[in-house]
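Enquirer: Provided herewith is a single structure, encoded as structure tokens, for subsequent inquiry.
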Amino acid sequence: MLAALIPLFDENMAVSAYSLFAQKENLFQEPHMMIAAQHDGAYTIRGLEVIESMGLQTIAPGAEIFVPISNVSLFVDIENQCSANHNNIVLYINNSVKVTEQYADRILELKRMGYKFAMGRLGVDEYETYRSIIMMMDYIVIDSQAMDVSKAKIYFNRVYPKLKIVVSNIPDQDAFDKYKETGFNLYEGPFYRIPVAKGATEIAPLKMNYLELINIVQGPNFELSDVAKIIGRDTALAISLLNIANRLSRNSEITSLKHAAAMLGQKEMKRWILTAVTKELCADKPNEITRLSLLRAKFAENLAKVFGLESEASNLFLMGLFSVIDIILDTTMHEALKMIALPKNIETAYLTGEGDLAEVLAFIKNYERGDWIEVGKAELIDGVDLDKVYAAYCQSYRWFRDMFY
């Protein structure tokens, strides 16, 4: 099984929904399957299988999830394949669904059960043909690279005023800003992950405080009292440290930061600081950056055994955690690395894309965007067990859920 969650943003860059892409077969290793790839999950809808096994609360608490289904799988027992709240699931269809009474009746039947619908991959010349189907949709998905988005918006606002519009495949921040001014409901694309290309900017004093903490705990034998002193400068971190210490102690009422730090010890203190501080560093960024950073960290750590890099597990966690440090600090990766002390092989992975850690990072990025062909190459060429990769991916989401929800 392969699965990836793609975020959908609102105009404030808050994640409002996710699109879940799942696939059972490795199409690179089984090229004959490519011909019938559109029927993958024809009887068992892979996205619903992932939701059922992991739970909506683990994957995306409170958010809608778009699940692609084919013209064939539209007619299977969707309602019995997933016990999750139907109102949180948006069934995502395309123009393989035809304008017939049979399709229309099935869509209407599922909508009466509480499912929402989205439609994509329609050409401009198909808008009128699909009028009866579009009228039943909750969302229409417009590919920003395939058509004039502004003209499409005028058409849909006039003909279907209640229809929500998703602009997909947005390439960069400038394009997002342009579409945001026009006003749509949801936005999707790689724009939020694109590294900053401009030079270094001034770093806020509070962020410098966080960077100081990170650098201290990277040392081999840091003083817990020094760490407690710096944490004391930030109310949010101080409260968070006391809360976690009291949860772990159970029978104690710990009110001293020094006591809390001593109770956690160096190893747990370092892990807590790296995750908590990263969350605070991302406080002025889209919440998906925080989520991406932390999920990458745990996913990378979980992949250590899969890639035969057990001795590098802690470095893989760090590599995933700080893989978006340039975005967090609004600077280039080269400048960001001057502010934070990281092992040399992590810096090399970021700057040159070379080494074992870089291989894992590239794999993670391909996995995140659902590039199953590239992911499949790792299984064929390097012997990577994709079942273990999927288990590692799911476990990273459970870790994130347990830590923050």
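The values are calculated or read from the model by the stated rules, or taken from the named source; none is laboratory data. Quantities reported herein were computed from a predicted structural model and do not represent experimental measurements. Cβ coordinates were reconstructed from backbone atoms using ideal geometry, including for glycine residues, and neighbour counts include every protein chain displayed.
Enquirer: Considering (1) surrounded by 15 or more Cβ atoms within 10 Å (Cβ to Cβ); (2) closer than 30 Å to I59 by Cβ, say which one A236 fails and leave the rest.
Expert: (1)
Enquirer: If only one of L122, L91, L108 is in contact (Cβ under 8 Å) with a residue 12 or more places away in the chain, touching a Phe, Trp or Tyr at 6+ places or on another chain (Cβ under 9 Å) and either surrounded by fewer than 16 Cβ atoms within 10 Å (Cβ to Cβ) or over 18 Å from Y18 (Cα atoms) (or both), which one is it? Steps first, answer last, please.
Expert: Working: L91 fails: either surrounded by fewer than 16 Cβ atoms within 10 Å (Cβ to Cβ) or over 18 Å from Y18 (Cα atoms) (or both); L108 fails: touching a Phe, Trp or Tyr at 6+ places or on another chain (Cβ under 9 Å).
That would be L122, the only listed residue that is in contact (Cβ under 8 Å) with a residue 12 or more places away in the chain, touching a Phe, Trp or Tyr at 6+ places or on another chain (Cβ under 9 Å) and either surrounded by fewer than 16 Cβ atoms within 10 Å (Cβ to Cβ) or over 18 Å from Y18 (Cα atoms) (or both).
Enquirer: Check whether at least one residue in segment 352-375 is among the aliphatic types (A, V, I, L, M), modelled with pLDDT under 95, over 24 Å from T58 (Cβ atoms) and buried (at least 17 other Cβ atoms within 10 Å of the Cβ), and report yes or no.
Expert: Going through segment 352-375, the residues among the aliphatic types (A, V, I, L, M) turn out to be 357-358, 360-362, 364, 373, 375.
Subsequent filtering for residues that are modelled with pLDDT under 95 retains 373, 375.
Checking the rest, the ones that are also over 24 Å from T58 (Cβ atoms) come to 373.
Still in the running and buried (at least 17 other Cβ atoms within 10 Å of the Cβ): none.
Checked segment 352-375: no residue is among the aliphatic types (A, V, I, L, M), modelled with pLDDT under 95, over 24 Å from T58 (Cβ atoms) and buried (at least 17 other Cβ atoms within 10 Å of the Cβ).
Enquirer: Shifting gears a bit: Out of (1) surrounded by fewer than 20 Cβ atoms within 10 Å (Cβ to Cβ); (2) modelled with pLDDT of 85 or more; (3) part of a helix (DSSP H, G or I), what's the single condition that is false for F222?
Expert: All conditions pass for F222, except number (3).
Enquirer: Assuming E347 fulfils every condition listed in (1) modelled with pLDDT of 85 or more; (2) within 16 Å of the chain's Cα centre (by Cα); (3) not in a loop (DSSP other than H, G, I, E, B) apart from one, which condition is it?
Expert: Single failed check for E347: (2).
Enquirer: Let me ask something else about it. When only residues in segment 55-104 that are under 20 Å from I134 (Cα atoms) and among the small types (G, A, S) count, which is modelled with the highest pLDDT?
Expert: My answer is A104.
Enquirer: I'm checking my understanding of the structure. Among residues of segment 239-277 that are loosely packed, with under 14 Cβ neighbours inside 10 Å and of a type in the set (A, V, I, L, M), which one is farthest from I6 (Cα to Cα)?
Expert: Among those residues, the one meeting the criterion is L248.
Enquirer: Given the options S150, S144, S83, name the one that is buried (at least 20 other Cβ atoms within 10 Å of the Cβ), within 24 Å of S16 (Cα to Cα) and of a type in the set (S, T, N, Q). Spell out the reasoning first.
Expert: Working: S150 fails: buried (at least 20 other Cβ atoms within 10 Å of the Cβ); S83 fails: buried (at least 20 other Cβ atoms within 10 Å of the Cβ).
So the residue among S150, S144, S83 that is buried (at least 20 other Cβ atoms within 10 Å of the Cβ), within 24 Å of S16 (Cα to Cα) and of a type in the set (S, T, N, Q) is S144.
Enquirer: For the structure I just gave you, tell me whether E280 is more than 18 Å from Y350 (Cα to Cα), surrounded by fewer than 22 Cβ atoms within 10 Å (Cβ to Cβ), touching a Lys or Arg at 6+ places or on another chain (Cβ under 9 Å) and not basic (K, R). Working first, answer last.
Expert: Values: more than 18 Å from Y350 (Cα to Cα): yes; surrounded by fewer than 22 Cβ atoms within 10 Å (Cβ to Cβ): yes; touching a Lys or Arg at 6+ places or on another chain (Cβ under 9 Å): yes; not basic (K, R): yes.
Criteria met by E280.
Enquirer: If you don't mind, another one. Hey, can you tell me all the residues within segment 79-104 that are aliphatic (A, V, I, L, M) and either in a helix (DSSP H, G or I) or not assigned by TED's automatic domain parsing to the domain that holds L163 (or both)?
Expert: Restricting attention to segment 79-104, the residues satisfying the condition of being aliphatic (A, V, I, L, M) are 84, 89-91, 93, 97, 99, 104.
Correct list: A104 only.
Enquirer: Quick test for you: out of T332, T290, T278, pick the one residue that is within 17 Å of M208 (Cβ to Cβ), out of contact with any strand residue (DSSP E or B) (no Cβ under 9 Å at 6 or more places or on another chain) and of a type in the set (S, T, N, Q).
Expert: On the way: T332 fails: within 17 Å of M208 (Cβ to Cβ); T290 fails: within 17 Å of M208 (Cβ to Cβ).
Exactly one residue qualifies, and that residue is T278.
Enquirer: Let me ask something else. Only one of (1) more than 14 Å from F21 (Cβ to Cβ); (2) modelled with pLDDT under 90 fails for A391. Which number is that?
Expert: The number of the failed condition is (2).
Enquirer: Counting only residues that are part of a helix (DSSP H, G or I), of a type in the set (A, V, I, L, M, F, W, C) and over 30 Å from the mean Cα position of the chain (by Cα), which one in segment 105-145 is modelled with the lowest pLDDT? Explain how you work it out, then say what you get.
Expert: Narrowing segment 105-145 to residues part of a helix (DSSP H, G or I): 105-112, 124-126, 131-134.
If we keep only those that are of a type in the set (A, V, I, L, M, F, W, C) as well, we get 107-108, 110, 124, 133-134.
Pick out the ones that are also over 30 Å from the mean Cα position of the chain (by Cα) and you get 108, 124, 133.
Numbers: L108: 97, V124: 92, I133: 97.
Among residues in segment 105-145 that are part of a helix (DSSP H, G or I), of a type in the set (A, V, I, L, M, F, W, C) and over 30 Å from the mean Cα position of the chain (by Cα), the one modelled with the lowest pLDDT is V124.
Enquirer: Name the pairs: first residue in segment 151-174 and at positive phi, second residue surrounded by fewer than 13 Cβ atoms within 10 Å (Cβ to Cβ), Cβ to Cβ under 8 Å, at least 6 apart or on different chains?
Expert: N169/Q145
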